[in-house]
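Worksheet: the structure to be examined is printed underneath.
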Amino acid sequence: MSRKRDARDKASVGDTPGPDESQRMDKWLWFARVVRTRVAAAELAASGHVRVNGQRASSAAKAVRPGDVLTIALDQTVRVLKIVDTAERRGQYDSARQLYEDLTPSSERDAGEQRREARAAWSLARGSQRR
(Lines give C-alpha, C1' and ligand atoms only; values in the text may rest on other atoms or scores of the structure.)
Protein backbone atom coordinates (compact mmCIF):
# COMPACT_ATOMS: atom_id res chain seq x y z
CA MET A 1 0.00 0.00 0.00
CA SER A 2 1.18 3.50 -0.72
CA ARG A 3 1.90 6.05 1.99
CA LYS A 4 -0.93 8.30 0.82
CA ARG A 5 -3.44 5.49 1.10
CA ASP A 6 -2.18 4.60 4.61
CA ALA A 7 -2.64 8.22 5.68
CA ARG A 8 -6.18 8.31 4.27
CA ASP A 9 -7.11 5.07 6.04
CA LYS A 10 -5.74 6.32 9.35
CA ALA A 11 -7.54 9.65 8.97
CA SER A 12 -10.91 7.99 8.37
CA VAL A 13 -10.72 5.66 11.37
CA GLY A 14 -12.52 7.21 14.32
CA ASP A 15 -13.65 10.30 12.39
CA THR A 16 -17.24 9.09 12.14
CA PRO A 17 -19.14 10.14 15.25
CA GLY A 18 -21.20 7.42 16.89
CA PRO A 19 -24.36 7.80 18.94
CA ASP A 20 -22.39 8.43 22.15
CA GLU A 21 -19.72 10.69 20.70
CA SER A 22 -19.58 14.44 20.67
CA GLN A 23 -19.45 16.72 17.65
CA ARG A 24 -18.64 20.39 17.09
CA MET A 25 -21.75 22.51 17.49
CA ASP A 26 -21.32 24.35 14.19
CA LYS A 27 -21.03 21.07 12.29
CA TRP A 28 -24.09 19.64 14.03
CA LEU A 29 -26.19 22.76 13.30
CA TRP A 30 -25.18 22.55 9.65
CA PHE A 31 -25.70 18.77 9.38
CA ALA A 32 -29.15 19.12 11.02
CA ARG A 33 -30.02 21.85 8.47
CA VAL A 34 -30.78 24.44 11.14
CA VAL A 35 -28.70 26.91 9.11
CA ARG A 36 -27.75 26.98 5.43
CA THR A 37 -23.96 27.17 5.77
CA ARG A 38 -21.36 26.11 8.27
CA VAL A 39 -20.07 29.68 8.39
CA ALA A 40 -23.56 30.83 9.39
CA ALA A 41 -23.57 28.16 12.12
CA ALA A 42 -20.23 29.40 13.45
CA GLU A 43 -21.42 33.02 13.40
CA LEU A 44 -24.65 32.05 15.19
CA ALA A 45 -22.68 30.38 17.96
CA ALA A 46 -20.07 33.14 18.23
CA SER A 47 -22.77 35.79 18.52
CA GLY A 48 -24.22 34.07 21.59
CA HIS A 49 -27.53 33.05 20.03
CA VAL A 50 -27.16 29.38 20.99
CA ARG A 51 -27.52 27.85 24.45
CA VAL A 52 -26.48 24.30 25.27
CA ASN A 53 -28.38 22.88 28.25
CA GLY A 54 -29.19 26.43 29.35
CA GLN A 55 -25.59 27.69 29.19
CA ARG A 56 -24.67 30.26 26.52
CA ALA A 57 -22.21 28.84 24.00
CA SER A 58 -19.66 31.40 22.87
CA SER A 59 -17.66 29.12 20.60
CA ALA A 60 -18.57 27.20 17.46
CA ALA A 61 -16.20 24.46 18.60
CA LYS A 62 -18.33 23.69 21.67
CA ALA A 63 -18.87 19.94 21.81
CA VAL A 64 -22.46 18.71 21.71
CA ARG A 65 -23.70 15.15 22.13
CA PRO A 66 -26.95 13.21 22.06
CA GLY A 67 -29.14 14.25 24.97
CA ASP A 68 -28.06 17.91 24.91
CA VAL A 69 -30.80 20.52 24.47
CA LEU A 70 -30.03 23.48 22.21
CA THR A 71 -31.96 26.74 22.43
CA ILE A 72 -31.38 28.66 19.22
CA ALA A 73 -32.45 32.25 18.57
CA LEU A 74 -33.07 32.57 14.83
CA ASP A 75 -34.33 35.75 13.11
CA GLN A 76 -37.70 36.16 14.83
CA THR A 77 -38.10 32.68 16.32
CA VAL A 78 -36.59 30.60 19.07
CA ARG A 79 -36.15 26.88 18.47
CA VAL A 80 -35.57 24.31 21.18
CA LEU A 81 -33.98 21.13 19.85
CA LYS A 82 -32.93 17.98 21.70
CA ILE A 83 -30.01 16.24 20.00
CA VAL A 84 -30.88 12.63 19.25
CA ASP A 85 -27.88 11.68 17.13
CA THR A 86 -24.78 13.03 15.41
CA ALA A 87 -23.88 12.62 11.74
CA GLU A 88 -20.78 12.20 9.64
CA ARG A 89 -22.03 14.35 6.75
CA ARG A 90 -24.84 16.67 5.70
CA GLY A 91 -27.70 14.75 4.15
CA GLN A 92 -31.19 15.28 2.84
CA TYR A 93 -33.86 16.99 4.98
CA ASP A 94 -35.42 13.67 6.03
CA SER A 95 -32.15 12.29 7.41
CA ALA A 96 -31.25 15.65 8.98
CA ARG A 97 -34.64 15.76 10.75
CA GLN A 98 -33.78 12.48 12.49
CA LEU A 99 -30.84 14.13 14.26
CA TYR A 100 -33.08 16.07 16.66
CA GLU A 101 -36.39 16.21 18.47
CA ASP A 102 -38.12 19.58 18.20
CA LEU A 103 -39.15 20.73 21.68
CA THR A 104 -40.19 24.21 20.52
CA PRO A 105 -43.57 25.15 22.03
CA SER A 106 -46.32 24.84 19.41
CA SER A 107 -47.34 28.51 19.72
CA GLU A 108 -43.79 29.63 18.86
CA ARG A 109 -43.60 27.09 16.02
CA ASP A 110 -46.95 28.30 14.60
CA ALA A 111 -45.85 31.94 14.81
CA GLY A 112 -42.64 31.10 12.93
CA GLU A 113 -44.58 29.30 10.20
CA GLN A 114 -46.95 32.26 9.83
CA ARG A 115 -43.99 34.64 9.43
CA ARG A 116 -42.41 32.38 6.78
CA GLU A 117 -45.70 32.16 4.88
CA ALA A 118 -46.14 35.94 5.01
CA ARG A 119 -42.59 36.47 3.67
CA ALA A 120 -43.22 33.96 0.87
CA ALA A 121 -46.50 35.65 -0.07
CA TRP A 122 -44.80 39.06 -0.04
CA SER A 123 -42.00 37.76 -2.28
CA LEU A 124 -44.50 36.28 -4.73
CA ALA A 125 -46.53 39.49 -4.81
CA ARG A 126 -43.43 41.58 -5.31
CA GLY A 127 -42.22 39.29 -8.10
CA SER A 128 -45.53 39.56 -9.96
CA GLN A 129 -45.44 43.36 -9.72
CA ARG A 130 -42.08 43.50 -11.50
CA ARG A 131 -43.37 41.75 -14.62
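The values are calculated or read from the model by the stated rules, or taken from the named source; none is laboratory data. What you are looking at is a predicted structure, and each value in this text was computed from that prediction instead of being measured. As a convention, Cβ positions derive from the backbone with ideal geometry for all residues, glycine included, and neighbour counts pool all protein chains shown.
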So is Val84 within 15 Å of Trp30 (Cβ to Cβ), modelled with pLDDT of 95 or more and aliphatic (A, V, I, L, M) or not? no
Exactly one of Arg79, Arg126, Arg109 is touching an Asp or Glu at 6+ places or on another chain (Cβ under 8 Å) and modelled with pLDDT under 75, and that one is Arg109
Taking the range 79-96 and the residues there that are in contact (Cβ under 8 Å) with a residue 60 or more places away in the chain and under 16 Å from Arg36 (Cβ atoms), the one that is surrounded by the fewest Cβ atoms within 10 Å (Cβ to Cβ) would be Tyr93
Among the residues of the range 83-94, is there at least one that is out of contact with any Pro (no Cβ under 8 Å at 6 or more places or on another chain) and of a type in the set (A, V, I, L, M, F, W, C)? no
